[in-house]
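S.K.: Here it is: the structure, laid out below.
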Amino acid sequence: MRDADPEAAFRMLLEAAEAGSAWATEAVARHYHAGTVVAADFDHAADHYYRAICAGSWLATIGYARLLAEHGDADESEAVLEDGVRQDFVPAYFWLARLRYDRSPTRATCREIRSLLDYAAKRGHPDAKQTLGRLMMKGKFGIFAIPRGLRLLFETMLPLPSPPETAPADNPKTQALRAATQE
């Protein structure tokens, strides 16, 4: 339905949000935040993110913090993310590190955010692992961290496809071609 009639799908989300669904409330906030289906509206997005957070959606804290940062309220955004860190919400560690780095991409900031990225990466946050690897590769943590940065980046890459189960010489097509050329 979302693809066939996005407006109707949004109305259904809005009804579910009004009925108290944290997930639907966060989804409505994302639509107002991004301006998809409805016009972008900071006040509506902020209101719905806040309601979703109050209803128990930790994911909404990330959207709310990003909304605040995009609108120039980095201090409040940081406060929202710090609350998530205090509650041990792993994505908040990554987004707090990213917010701080985006505000000041210096070596001093990298040293400050390293513990946040390390914590999130060790707990499986893929963007934290990739960001940590990229910063290490750039030498932001010193020259001796570059090899570890390479390893982290390789770990975050998609796995390479497995080789075919049959060797090329055993492949039926290869055998048929070989037989035809030997006749």
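The values are calculated or read from the model by the stated rules, or taken from the named source; none is laboratory data. Just so it is clear, the model here is predicted, and its values are computed rather than measured. Positions of Cβ are backbone-derived with ideal geometry, glycine not excepted, and every protein chain shown enters the neighbour counts.
S.K.: Please count how many residues of the stretch 31-54 are closer than 18 Å to G72 by Cα, touching a Phe, Trp or Tyr at 6+ places or on another chain (Cβ under 9 Å) and not in a loop (DSSP other than H, G, I, E, B).
M.R.: Of the residues in that region, 10 qualify.
S.K.: Let me ask another. Taking the conditions exactly as written (more than 26 Å from Y49 (Cβ to Cβ), touching a residue at least 24 places away in the same chain (Cβ under 8 Å) and part of a helix (DSSP H, G or I)), does L116 satisfy them or not?
M.R.: No, not satisfied.
S.K.: Quickly run through the stretch 73-102 and pick out the residues that are closer than 12 Å to I62 by Cβ and not in a helix (DSSP H, G or I).
M.R.: F89
S.K.: Specify the residue that is surrounded by the most Cβ atoms within 10 Å (Cβ to Cβ); the eligible residues are those in the stretch 103-139 that are among the basic types (K, R), touching a helix residue (DSSP H, G or I) at 6+ places or on another chain (Cβ under 9 Å) and over 14 Å from T156 (Cα atoms).
M.R.: Ranking the candidates gives R114 first.
S.K.: Name the single residue, out of those in the stretch 30-58 being among the small types (G, A, S) and out of contact with any Ser or Thr (no Cβ under 9 Å at 6 or more places or on another chain), that is farthest from V80 (Cα to Cα).
M.R.: Only one residue fits best here, namely A39.
S.K.: OK, next. Could you say which residue among R100, R51, R66, R30 is more than 24 Å from A17 (Cα to Cα) and either buried (at least 18 other Cβ atoms within 10 Å of the Cβ) or assigned by TED's automatic domain parsing to the domain that holds R148 (or both)?
M.R.: R100
S.K.: Considering the stretch 1-18 alone, what residues qualify as being of a type in the set (G, A, S) and either in contact with a His (Cβ under 8 Å, 6 or more places away or on another chain) or at pLDDT 95 or above (or both)?
M.R.: A16, A17
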